[in-house]
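The values are calculated or read from the model by the stated rules, or taken from the named source; none is laboratory data. Computed from a prediction, not measured in an experiment: that's the story for all the values here. With ideal geometry, Cβ positions are generated from the backbone for all residues, glycine too; neighbour counts draw on all protein chains shown. The protein model used for the area step is the full one, side chains on, heavy atoms only, and it has no ligands, DNA or RNA in it. Shrake-Rupley method; radii C 1.70, N 1.55, O 1.52, S 1.80 Å.
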Amino acid sequence: MRFGHTSSCFVVNHFMAGYQGSTSSPDTVRQAAATERLKKVADSFRRPQSSSSAVSSETTTTMSRPLLLKGGTVIVHDAQDKAKGIKADLLVRGNKIAEISPNIKAPSEAEVVDCQDKIIAPGFIDTHRHMWNTALRGRHGDNLLQDYIVQGILQSSNYEPDDIFWGQLASCLECMNAGTTTVVDHSHLNYSEEAPKAAIAATAASGLRSVYGYCFNIRVDSWAPFTFNPSFIAPWALDTLEKLSQQAPFGDGRVTLGVAFDGWFLPKELLAPMFEKIKAMGIKHLTTHMTPGRPGMPSNVEVMDSYGVLTPHTVLSHANMLSPKDIDLIGKRNAHISSTPSLELQMAMGTPACFDSDRQALQACCSLGVDCHNVTLPSIPAEMRCALQASRGVENGKFLAAGKVPSKISRTVQEAYALGTIQGARAVGFEDQIGSLAVGKLADIIVFDALSPGMVCGAQYDPVTTIVMHSTPGDIVMTIVDGVVRKRDGKLGAVEVTPEARPYTTRGQLGWVDVVKPLLKSRDKILAKIEKTDLDTAKQIAMKLFGYDESRVVDSL
């Protein structure tokens, strides 16, 4: 969707009025109400990290001893990113892959897992996701983007830190259940200093690997009447980020601190020094929703480049409407794109960049994300299939419209698989550590049941095709992150309540059922708030602020 000039000026003027640090009474109320809990959370973040992110339970195992995956089909990538299955064993020592070869002799102290009729594969990498919003699931099946802005994105204003913690933790566990071992989390929930700490605490406790995108986000002041805070960057936001940067990484090194930012319309005198401060904190990772800029003005890609933040550690989400100049800049700076096909196709955001035949130069820098797990199935193979089949449909349609039939397929299973594995690793700057199975890489591993009803026969013929075209989260019987088994025999393991998580629960361990109960309670509380709001009026105001040209929003053509 393109921005109308008048509407875009409204966005700029609205936030220019308050960017120097003004704050409204709702911010003050939130801060005052959270003071006591914030002290508890701050104390917990100052404590040393726990020595292990796993617990001793039936399904979650600390890899203090070697783990040998015996007799499986191991998926390996070659130098051209082509993946294939080989018959081999895989040995894990600590948090790394120590050996991949046939007939490995088990070390005397090793745990041996029989992987006959199993596929051993690298964990999936999700390069764009909003992890906090689990409680909103089921509400957005027929949403367009203009609906979702109010019904989804802005609902973080109704979340208290407890809600964030339980939603985030459930989402992290959901990732590992579906074979996703690394996620880039665009965490647009910053309504207080406590909010990102709740999200980080849940992520660290869960066992997931993450680039946590600390977000400078638009904030709702009131739903009745519906108003926004005029200060896009909260007065406490940069100080809180600096404090977190001094404590990062979290979760035994699994959770890297990054920044999520969409306010490229803000003035240079604000943004230039802000990003210099962020660089000085040692923060490299940046993610942003890539939308068209204002007509006659530099694009967001050009603005980012002018501030020196368009780098190999930058992930541009969506990027459906890039200009040739933007594409050239992205290539020169080795920046990356995250396509989220299911959401982009539903919400009229344009053709997913990953397989856009009109912009083939982008494919090498693309990766995949689920985006909103409250809207669609949180599965990277599902996104592979969606991207693949949607692009094939578009290309095949061109032939059919001309009265012809294509002689060959336009996109391949191998290309789709690379998007969710090794290309995802490149997007987050961890190619030498994750994204494929190789000796010396981190042990982020998933195991599929090759005899499941949905995979049998295909898994024996071509395991990569079967993963892309046929697999579901239910086919994954084991998930290992950083050498720790997080899912075993098809069931998620319990997680240890680390010091950062103790302000939110009195339990020492949390199994899935222990997460579900407070999550459902949180859901009921949030939905009760939503039911009291006038979403239609809020939508009209939000559309104007977000730069929609209302003359282009029509019922039919």
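A few points about this structure:
- Residue (of Ala98, Val74, Asn177) at the positive-pole extreme of the chain, dipole from beta-carbon charges: Ala98
- About its Cα centre, the chain has a charge dipole of approximately 400 debye under the convention of +1 per Lys or Arg Cβ and -1 per Asp or Glu Cβ, with nothing else charged.
- Each DSSP beta bridge with both residues in the chain is either parallel or antiparallel, and the antiparallel ones are about 50%.
- Chain lengthening between Gln360 and Glu111 when straightened (0.36 nm per residue, less Cα-Cα): 85.1 nm
- Among the chymotrypsin sites (Phe, Trp or Tyr not before Pro) found in the range 168-241, those both in a DSSP coil and sparsely packed, with 16 or fewer other Cβ atoms within 10 Å of their Cβ, are Trp236.
- Only the Cβ atoms of Lys and Arg (+1) and of Asp and Glu (-1) were treated as charged; on that basis the dipole of the range 407-508 about its Cα centre amounts to roughly 180 debye.
- Here's the picture: charge each Lys and Arg Cβ at +1 and each Asp and Glu Cβ at -1 in the chain, and of Asn320, Ser436, Leu510 the one pushed furthest to the positive end of that dipole is Ser436.
- Excluding exposed DSSP-loop trypsin sites (Lys or Arg not before Pro) (at most 10 other C-beta within 10 Å), longest clean stretch of the chain: 106-403
- Full-stretch length increase - Asp78, Leu238 - with 0.36 nm per residue and alpha-carbon distance subtracted: 53.3 nm
- Antiparallel %, DSSP beta bridges [both residues in the range 233-391], to 5: 5 percent
- Within the accessible surface of the chain, defined with a 1.4 Å probe on protein heavy atoms only, the carbon and sulfur portion equals 53 percent.
- In percent, rounded to a whole number, the relative contact order of the range 77-168 is 19, using alpha-carbon pairs under 8 Å and six or more apart.
- In order through the range 105-114: 3J(HN,Hα) via Karplus (6.51 cos²θ - 1.76 cosθ + 1.60), integer Hz, x for Gly, Pro: 6, 5, x, 4, 9, 6, 8, 10, 10, 6
- Relative pair counts by distance (%), Cα atoms of the chain, 10 Å bins: 4, 18, 29, 27, 16, 6, 1, 0
- Cα→Cβ-extended label distance, 7 Å offset, between Lys325 and Ala280, nm: 3.2 nm
- Remark: the range 429-436, residue by residue, has Karplus-estimated 3J(HN,Hα) of x, 10, 4, 7, 10, 9, x, 7 Hz, where x stands for each Gly or Pro and the curve is 6.51 cos²θ - 1.76 cosθ + 1.60 at θ = phi - 60°.
- Helix content alone sets the calculated 222 nm mean residue ellipticity of the chain: runs of n ≥ 4 DSSP H residues at -39500 (n - 2.57) each, divided across all residues, give -11000 deg cm²/dmol.
- Over the Cα atoms of the range 279-413, the radius of gyration divided by the Kirkwood radius equals 1.01; this is the Rg/Rh ratio.
- Structural size metrics of the range 145-253, computed from C-alpha coordinates, are Rg and Dmax of 14.4, 44 Å.
- Out-of-range pairs (alpha-carbon distance over 18 Å; input Lys243/Lys277; Lys105/Lys491; Lys284/Lys441; Lys70/Lys105; Lys441/Lys487; Lys197/Lys243): Lys105/Lys491; Lys284/Lys441; Lys441/Lys487
- Counting only protein heavy atoms and a 1.4 Å probe, the range 393-442 has 47 square angstrom of accessible area per residue.
- Evaluating 6.51 cos²θ - 1.76 cosθ + 1.60 at θ = phi - 60° for every residue in the range 325-337, the Karplus couplings come out as 5, 4, 4, 5, 5, 4, x, 5, 8, 6, 7, 10, 10 Hz, glycine and proline recorded as x.
- Longest segment of the chain lacking GluC sites (Glu not before Pro) that sit in a DSSP loop with at most 12 other Cβ atoms within 10 Å: 110-557
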